[in-house]
Amino acid sequence: MVAIAVFLTGCAQLPRSGAIGVGPNVQIESTDDYLYYSPSLPSPGDSQQQIVTGFLSAGNGPQNDYEVARSYLANNFKSEWSASDEVLVQQGATVFDLIDESNARVELQVSATIDANGIDNLAPFSFFNVVSEDPPHIMFSTVRTGNKNKDTLNNILANQQFVVNLVTEDVVEQMNTTSQPVAADVNEFELANVTPIESIYIKPKRVKESLVQFECEMVHHYFIEKHQNGGACIIIGKIITMHIDDSILMENHKIDLEKYKPVARLAGSNYSKLGEIFSIKR
C-alpha cells in the first residue's frame, strides 16, 4: 500500500488585531448527519467545578450555536457570549480551585489562540484516504511528536475547516518545502511559492497549482490513546465541494490519470510516480 501525498490547507493560526469583516452570504444546505462531539447538559445539583468544567467541555460542541455550552451560563449572559470572538486550543488537564461560593480560579494549558484573522497554513500529509462516498468523507492523521500538536491540527480543531489539495509531479517540490519546521506565523503559501485562491464555502484557501482540491468541514476527531511520545490525531472531514481542473477530465467526466500525474509517498523521503495501470474484474 502507498499513501497519496496531499497539501492540507488551514488558516487562522495566531491572533491578529482588527475589525471582523463581513463576507458574502453563501447559502449552504443544512445537514444533520455530522458526527460532532455531543457534550452533556448540566444537571440539577451540579457543583461549581462540574458547571465550569462542563462549560469548557461543551465548547467542543458547536451544534445549534453552542446551545449546550450556553445552557451552563446565567440567563442574562447566554445571548451575550460569543463563541467566535476567540478560540482557545487546550492541552492537558484543567486545574480548578474554588475560592469561595461565588468565585473560582481555573488554569488551562493553552497551545494556541485563534481569532477572526489569521495566517494561511500549508502542510504535507501522507496518512490520508477516502472513508465514505455517501456522503463523501475523507480522513487524515497527524502525528504529535513530543506530545505537541502541529499548527495544522490546531487550526482545524479551532476552525473546523480545511482544504485537501492533491499533489502531482509538477508541485512535488513545493509540497516538500511546506514540510519545513517553521514558525506558526510564517505564510507557507509564500514560503512554497504557490498561489492561494479563495474557497467557495469555507475560509481556508486552496492551492491554485493543485489540480484536485476538496473543501472540507471537520465532523470528528480522535486522539490515539496509550501512546509514548504523543501519538497522533485522526481527523475525519466531510467534503463540501470538489474542484477538478478541466485539463485532466475526460469526456465521461473521469480523470485522465496520464495527464493528472499523481504522486504517492512510499516511506521516508521516497516517493513514486504513476506506473503501469491494469484492471481486475470483481
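Tabulated values for the structure
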read-out	value
Residues of segment 128-161 classified as in contact with a Leu (Cβ under 6 Å, 6 or more places away or on another chain) and at positive phi, total	0
Exclusive hit being at pLDDT below 75, among the acidic types (Asp, Glu) and within 27 Å of residue 119 (Cβ to Cβ), set 85, 65	85
Matching residues, segment 197-256, being over 27 Å from residue 174 (Cβ atoms) and among the aromatic types (Phe, Trp, Tyr)	222, 223
Selection from segment 217-259 of residues that are surrounded by fewer than 13 Cβ atoms within 10 Å (Cβ to Cβ) and basic (Lys, Arg)	226, 254
Tabulated pairs, segment 156-171, first farther than 11 Å from residue 262 by Cβ, second in a helix (DSSP H, G or I), C-beta under 8 angstrom, 6+ apart or interchain	162/152; 162/155; 162/156
Residue that is nearest to residue 214 (Cα to Cα), among those in segment 123-165 that are part of a strand (DSSP E or B) and touching a Pro at 6+ places or on another chain (Cβ under 9 Å)	163
Residue 202 vs. criteria buried (at least 16 other Cβ atoms within 10 Å of the Cβ), under 23 Å from residue 129 (Cα atoms) and within 21 Å of the chain's Cα centre (by Cα)	yes
Residue in segment 176-183 that is of a type in the set (Val, Ile, Thr) and under 22 Å from residue 160 (Cβ atoms) present	yes
Members of segment 260-282 that are free of Cβ contacts under 8 Å to residues at least 60 places away in the same chain, closer than 30 Å to residue 147 by Cα and either crowded, with 17+ Cβ neighbours inside 10 Å or in contact with a helix residue (DSSP H, G or I) (Cβ under 9 Å, 6 or more places away or on another chain) (or both)	269
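Residues are listed down the side, and each one gets a yes or a no for (1) over 25 Å from residue 163 (Cβ atoms); (2) exposed (fewer than 11 other Cβ atoms within 10 Å of the Cβ); (3) modelled with pLDDT under 55:
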position	(1), (2), (3)
10	no, no, no
19	yes, yes, yes
46	yes, no, no
56	yes, no, no
73	yes, no, no
99	yes, yes, no
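The values are calculated or read from the model by the stated rules, or taken from the named source; none is laboratory data. Remember, predicted model here, so these are calculated numbers, not experimental data. Quick reminder, even Gly has a Cβ in these numbers, built from the backbone with ideal geometry, and neighbours come from all protein chains shown.
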